[in-house]
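Worksheet for the structure shown next.
Coordinate-derived values only; no laboratory data. What you see is a predicted model; the values in this text were computed from it and never measured. Reconstructed Cβ throughout: ideal geometry from the backbone, glycine too, with neighbour counts over all protein chains shown.
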Amino acid sequence: MMKKSVLCAALFAAPFMATPALAAIDTYTAFLYGANETGVGDPDGFGVATVLIDNQALTVSWSIMANAIDFPLTGAHIHAAPAGTNGPVIVDFGGSLTGSQMYDADLASITPVNPSSFYVNLHNAMYPAGAIRGQLQYVGTAMAPVPEPETYALMLGGLGLVGFLVRRRQAARG
C-alpha cells in the first residue's frame, strides 16, 4: 500500500517539477517612407514593418506592409546605420515581406538599447538603392515559454508509468 501512495504522489508531482525556460522576444516597429531614404526614395511609398527578435536563439520573424511602391521587391533588409546615413545589410529578408524563425548571428547586435542604429529598407527595380526606409523603434519584450528537453522526458516517463500501471491492473484482474 505504501508503494502505491508514493507512486501516485510521484505521478502527481512530476509535471510540476519541470518548468520551461523563458525566451525573451523583443518587438520592434519601423515606419517606412520614401522621404526617409538618404538618396531618392519613392515619394508616394509608405509602409510599416514589425520585427520580432529572439536574442537567445538569434532568430527573427517579420511582417512588412508596403503601399504605393512597385513590386516585385529586389531586396528587403535590416541595415546598420542611424537615420540619414547608409549602412551595411546585417539581416537579409530575401526580398520577402513576411517570414519567421530565420536564424542570423548578426541579430545579437540589435538590442532594446540601440534600435535607432538600425533601419528596415525595401528595394525595387525603380529604386535600387531603396524605395522606402524606416528606423527601428523598440516596442517591448515578451517572455515566451520554451519547452526544455526535460519537460518532454518527464511527460513521456509519466505516460509510460501510467501505461505500466494500467497494464498491471488489467493483468491482476484477468
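The packing ranking of peptides 23-30, 61-68, 102-109, 117-124, highest mean first, is 117-124, 23-30, 61-68, 102-109, where packing means the average number of other beta carbon atoms within 10 angstrom of each residue.
On the principal axes of its alpha-carbon atoms, region 21-146 has extents of 46, 25, 21 Å, going from largest to smallest. Give me the net charge of Ile132's neighbourhood, meaning all other residues with Cβ under 12 Å from the Cβ of Ile132; Lys, Arg count +1, Asp, Glu -1. Taking every other residue near Ile132 into account, the sum is -3. Sum up the charges of everything whose Cβ sits under 13 Å from the Cβ of Tyr33, counting Lys and Arg as +1 and Asp and Glu as -1, but leave Tyr33 out. Net of charged neighbours comes to -2. Other residues whose C-beta falls under 14 angstrom from the C-beta of Ala105 contribute a net charge of -4, scoring Lys and Arg +1 and Asp and Glu -1.
The stretch between Met126 and Asp106, if pulled fully straight at 0.36 nm per residue, gains 4.3 nm over its current Cα-Cα span. For the pair Gln137 and Asp44, the difference between a 0.36 nm per residue extended length and the Cα-Cα distance amounts to 31.3 nm.
On full extension, the segment bounded by Leu97 and Gln56 gains 12.4 nm, given 0.36 nm per residue less the C-alpha separation.
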